[in-house]
Every structure is written in structure tokens, then in C-alpha cells.
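What follows is a single structure, written as C-alpha cells, with notes after it.
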Amino acid sequence: AGVSYQLYNGSAFAGTAILGTGSAIDFGTFTGTGTYSVLATSISTSCQSPMSGTATIGTNALPVLQSVAGGGTICAGATGANVYLNNSQTGINYQLYNGSAPVGSPVAGTGSTLSFGPQTSAGTYTVLATNATTSCSRNMIGTANVNVNAQPALFTVTGGGNYCAGDLGSSVALSGSATGVNYQLYVGSTAVGAPVAGTGSSINFGTFTTPGSYSVVGVNALTGCSRTMSGSTTIGINALPTAYNVSGGGSICQGSTSGVSLSGSNNG
């Protein structure tokens, strides 16, 4: 008490003098680099004395700014949209965020473009860079947006079954449909006819004679997102019985009999 303490950065004043209290003094927080010292002055005698020791403040550089890029619009269930950084520094770790949530683990800088891989969750992606030695961190420039378009709703393929050779065939249908979605019928990997526009109710693709497994793929007309509908149905052909000749018969006298025969028959 009774002593004034002046902080200096080199030979320059750093703030105003503080009166002693009989206990420790906090001069506050400073960002100027340099060597700090304190000169004490007696209020009553004006005698001065430099305090013991110094305090040095240095500045660690922030990570260099790089640009976040990538993203895009994907369909649900797709591989994803890649998010990357246009450049990176060795000794710097880069953490990807979706909003405020970290995505995966930090990726070490390589001195070149840095890929965080394909992202399947919708959101706005940013990157925080942190110096592995000094812990100084900095948000990188820009963002990458990932938008996810929904797949068409699932409906069930119905119909099919075996039909007798020479008949019209078996019909194939879909239990429901959505407007704005086009439905393509396939037998195996071959498209059958043109896509049928969804109506909001069930769809009948018609009657078919080609044997095989029938499936349906729905494609959103606006987004292009596609989805294979649930299940499949099989159409098969049942062979007709082998034709044999009927023989015999003829004119007979009343009360007599005449034989009729078949040239062959099938088991079963």
C-alpha cells in the first residue's frame, strides 16, 4: 500500500498505474507481443524501483484459411456427396461439422486437398482447423450443403402366376402408386413397355405371356430418385395336354355297341 505500479511493454506504458493493495495485482489481459516489466513508485517519496522479473507475450499464428467445397443433392440411400477442403497444412487437424455436431474424427492436413468422404446426412457442413502443437483454431472459409431427396414410397408387386399355353397370359399389378412417380415394369433386367405414371392408387400393367420374374422400379419424375418396389411376381406357362386321335365309332344296329378309343394319354 502507498506504492503505485506501472506496467510497461518494453519502454512503452501498458495501461495506467495501479495502486498497491498489500496483495497480488492483476494488470489484466494483453494481446500486444513483447516483454512486460513493472516499475514501482512510492506515492510519498517518489522513489522508484523496478520489480523483479519480466513476462513475455508471444503470438502463435492461426491456421491458414482454406475453402470448404463439395456437397450437393443426393437421393436417400445413395453413396453420398463428397465434402472436401481445397487445401490443407501439415501439423493442422481439420474437424468436419454438420451444423454444431462433429462428423467423424479430425483429419490431419497433408499439404494438399483434403477429402472428408461422401456425406449422406442433410445439412450445412463446416470445417474447424486446429494447430496440433499450439491448439490455436480457426473456422475455414465457406460451407458445403448436402440435400437429400426421399426415395419413392414402397408398394408391392402383385399378380403373376402360371397360365395355360395359348391363353391370354397373367396380369401384373402394383398395390399402390404415388403421383409424380413413374413406374417401370421389368422382366428380369429387360424393361417391359413404357413407364406408367402413378395415380395415387393401384396400377395394372396389363397381361403378359413372357415367362420370368417381374419387378417394378419407381422413379420420381422431379428428382430422378429411384427405388425398386417391394417383392416380385413370376409368370410361368403350363403346357397343354398332348393331343391324341379319337378313333372308332361307326354305324350300328339299334341295341348293338361300338367301341371308341384314344390313340394315347398322359400320366397325371
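Among the residues of region 220-237, those that are part of a strand (DSSP E or B) and surrounded by fewer than 16 Cβ atoms within 10 Å (Cβ to Cβ) comprise 228, 230, 234, 236.
Of the residues examined, residue 24 is not one that is within 19 Å of residue 134 (Cα to Cα) and either of a type in the set (A, V, I, L, M) or part of a strand (DSSP E or B) (or both). Looking at residue 16, is it open to solvent by 90 Å² or more (accessible area, probe 1.4 Å), touching a Pro at 6+ places or on another chain (Cβ under 6 Å) and not in a strand (DSSP E or B)? Criteria not met by residue 16. Quick one: is residue 111 more than 19 Å from residue 14 (Cα to Cα), in contact (Cβ under 8 Å) with a residue 40 or more places away in the chain and assigned to a loop (DSSP other than H, G, I, E, B)? It is false that residue 111 is more than 19 Å from residue 14 (Cα to Cα), in contact (Cβ under 8 Å) with a residue 40 or more places away in the chain and assigned to a loop (DSSP other than H, G, I, E, B). Entry remark, region 155-210: residues being in contact (Cβ under 8 Å) with a residue 60 or more places away in the chain, part of a loop (DSSP other than H, G, I, E, B) and not aliphatic (A, V, I, L, M) number 4 in total.
For residue 206, state whether it is more than 15 Å from residue 190 (Cα to Cα) and of a type in the set (Gly, Ala, Ser). Considered against the rule, which asks whether it is more than 15 Å from residue 190 (Cα to Cα) and of a type in the set (Gly, Ala, Ser), residue 206 comes out as yes.
For region 60-96, the set of residues classified as over 14 Å from the mean Cα position of the chain (by Cα) and not in a loop (DSSP other than H, G, I, E, B) consists of 67, 68, 69, 84, 85, 92, 93, 94, 95, 96, listed by residue number.
The set of residues in region 42-72 that are among the β-branched types (Val, Ile, Thr) and surrounded by 15 or more Cβ atoms within 10 Å (Cβ to Cβ) contains only 68. Out of 74, 92, 43, one residue alone is among the β-branched types (Val, Ile, Thr), touching a residue at least 12 places away in the same chain (Cβ under 8 Å) and closer than 30 Å to residue 224 by Cβ. It is 74.
Summed over region 106-161, residues that are under 17 Å from the mean Cα position of the chain (by Cα), open to solvent by 30 Å² or more (accessible area, probe 1.4 Å) and aliphatic (A, V, I, L, M) total 3. Every condition in (1) under 26 Å from residue 76 (Cβ atoms); (2) among the hydroxyl-bearing types (Ser, Thr, Tyr); (3) surrounded by 16 or more Cβ atoms within 10 Å (Cβ to Cβ) holds for residue 179 except the one numbered (3). Checked against (1) surrounded by 16 or more Cβ atoms within 10 Å (Cβ to Cβ); (2) in contact with a Pro (Cβ under 6 Å, 6 or more places away or on another chain); (3) not aliphatic (A, V, I, L, M), residue 75 meets all criteria but (2). For residue 103, the conditions (1) within 23 Å of residue 141 (Cβ to Cβ); (2) open to solvent by 50 Å² or more (accessible area, probe 1.4 Å); (3) without any contact (Cβ under 8 Å) to a residue 40 or more places away in the chain are fulfilled apart from (2). Does region 27-38 contain at least one residue that is more than 30 Å from residue 114 (Cβ to Cβ), open to solvent by less than 70 Å² (accessible area, probe 1.4 Å) and without any contact (Cβ under 8 Å) to a residue 12 or more places away in the chain? Checked region 27-38: no residue is more than 30 Å from residue 114 (Cβ to Cβ), open to solvent by less than 70 Å² (accessible area, probe 1.4 Å) and without any contact (Cβ under 8 Å) to a residue 12 or more places away in the chain.
The values are calculated or read from the model by the stated rules, or taken from the named source; none is laboratory data. As the structure is a computational prediction, the values presented were derived from the model and not from experiment. Using ideal geometry, Cβ is built from the backbone for each residue, glycine included, and neighbour counts are taken over all protein chains shown. These area figures cover heavy atoms from the full protein model, side chains too; ligands, DNA and RNA do not enter into them. Shrake-Rupley method; radii C 1.70, N 1.55, O 1.52, S 1.80 Å.
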